[in-house]
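Visitor: This is the structure I want to talk about, given as structure tokens.
The values are calculated or read from the model by the stated rules, or taken from the named source; none is laboratory data. A quick note: this is a predicted structure, and the numbers were derived from the prediction, not measured. Counting neighbours? That spans all protein chains shown, and the Cβs are built from the backbone with ideal geometry, glycine included. Keep in mind that these areas ignore ligands, DNA and RNA; they rest on the heavy atoms of the full protein, side chains included. Shrake-Rupley method; radii C 1.70, N 1.55, O 1.52, S 1.80 Å.
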Amino acid sequence: MRFVILGSGSSGNAAVVECGPLRLMIDAGLSAKQLNLRLAQVGIAADSLDGILLTHEHGDHVRGLKIFLKQHRLPVYATAATAQVVREAGIEGCQWKVFEGGRAFAIGAAIIDSFTTQHDAVDPVGFVIHHQSKRLGVLSDTGFITRNVTANLRDLDGLFVEANYDEALLEADTKRPWSTKQRISSRHGHLSNTQVLELVSEIAHPALTRVVLGHLSADCNGPQLALRLLRECLTSLGHPHTQIHCASPSEPSEWFAL
Ligand SMILES: [Zn+2]
Ligand SMILES: [Zn+2]
């Protein structure tokens, strides 16, 4: 299994997971033009994708979906509530594959586990993608990590997780009104660096090959800060060899093999 982050941040999120010959996109929050461009940059023909999994309906996760699906006919996997709001927003004609949050389902040889996240969307989910003996966890846009989420993310080989803000930087930020700060840091907002470290402390184990951080706020977090904190955390836990990376909003990452 390998995966690549096409882009991650409040401006748009999309990733591709490859399980043998199976290629799945997770979210389509970049413009269709950028999705096509970045897929080409990472050596993927858009028509070779086998489907798109949606975490939730926010614009930074579905922005390019409508036009991308006109160009490339692909099944879209979403919970019933997410599929409904995306359809109501005018994205039609695609082949919807509805799954129930919390239930596992198969796509080709991959098993997809979904779990409910805590975010101000209709039915947000995260995923664990299993293929052969490998497990990749995907946790984006959640304000709070429940015990159920932690339980789902045990025994991973790879984790992609949002590290949206640093508490001190959010507190000190003068651009955002108080209400926005409240929404971000609420139990239905986004994860802070501290929450990511708490999660990693719970689930780190010797076979966790890599952790990729995403959805960093441009003003209230920074790759160097988030990576330094994560490195210190993993080292103190006795896992100095876990590889860590930070996804960029503006360009694709390298391919990450598990
Ligand atoms: Zn969101
Ligand atoms: Zn988002």
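Visitor: Counting only residues that are outside any loop (DSSP other than H, G, I, E, B) and of a type in the set (A, V, I, L, M, F, W, C), which one in the stretch 132-164 is farthest from MET25 (Cα to Cα)?
Guide: This residue is ALA151.
Residues are listed down the side, and each one gets a yes or a no for (1) aliphatic (A, V, I, L, M); (2) in contact with a Phe, Trp or Tyr (Cβ under 9 Å, 6 or more places away or on another chain); (3) more than 16 Å from ligand 2 (Cβ to nearest atom); (4) not assigned by TED's automatic domain parsing to the domain that holds HIS215:
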site: GLY126; (1), (2), (3), (4): no, yes, no, yes
site: GLY158; (1), (2), (3), (4): no, yes, yes, no
site: ALA168; (1), (2), (3), (4): yes, no, yes, no
site: THR194; (1), (2), (3), (4): no, no, yes, no
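Visitor: If a residue must be in contact with a helix residue (DSSP H, G or I) (Cβ under 8 Å, 6 or more places away or on another chain) and within 16 Å of ligand 1 (Cβ to nearest atom), how many such residues does the stretch 133-148 contain?
Guide: The total comes to 7.
Visitor: Now, a different point. Looking only at the stretch 223-258, which residues are free of Cβ contacts under 8 Å to residues at least 12 places away in the same chain and crowded, with 16+ Cβ neighbours inside 10 Å?
Guide: If the condition is that a residue be free of Cβ contacts under 8 Å to residues at least 12 places away in the same chain and crowded, with 16+ Cβ neighbours inside 10 Å, then no residue fits.
Visitor: With a cut-off of at least 2 residues that are under 22 Å from GLY143 (Cα atoms) and open to solvent by less than 50 Å² (accessible area, probe 1.4 Å), name the helices (runs of 4 or more DSSP H) lying wholly within the stretch 7-124.
Guide: 59-62, 80-88
Visitor: I need the full set of residues from the stretch 169-187 which are farther than 20 Å from THR142 by Cα and in a helix (DSSP H, G or I), in order please.
Guide: If the condition is that a residue be farther than 20 Å from THR142 by Cα and in a helix (DSSP H, G or I), then ALA172 is the only one that fits.
Visitor: Out of (1) in contact with a Phe, Trp or Tyr (Cβ under 8 Å, 6 or more places away or on another chain); (2) in the same structural domain as SER192 (by TED's automatic domain parsing); (3) away from ligand 2 (no atom under 16 Å from the Cβ), what's the single condition that is false for GLY137?
Guide: Against the list (1) in contact with a Phe, Trp or Tyr (Cβ under 8 Å, 6 or more places away or on another chain); (2) in the same structural domain as SER192 (by TED's automatic domain parsing); (3) away from ligand 2 (no atom under 16 Å from the Cβ), GLY137 comes up short only on (2).
Visitor: Out of all the residues in the stretch 2-11, is one or more over 19 Å from PRO249 (Cα atoms), in contact (Cβ under 8 Å) with a residue 40 or more places away in the chain and away from ligand 2 (no atom under 16 Å from the Cβ)?
Guide: Looking for residues that are over 19 Å from PRO249 (Cα atoms), in contact (Cβ under 8 Å) with a residue 40 or more places away in the chain and away from ligand 2 (no atom under 16 Å from the Cβ), one finds at least one in the stretch 2-11, hence yes.
Matching residues to (1) open to solvent by 40 Å² or more (accessible area, probe 1.4 Å); (2) under 18 Å from VAL128 (Cα atoms); (3) without any contact (Cβ under 8 Å) to a residue 40 or more places away in the chain:
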site: ARG187; (1), (2), (3): yes, no, no
site: THR194; (1), (2), (3): yes, no, yes
site: PRO206; (1), (2), (3): yes, no, yes
site: LEU213; (1), (2), (3): no, yes, no
site: CYS220; (1), (2), (3): no, no, no
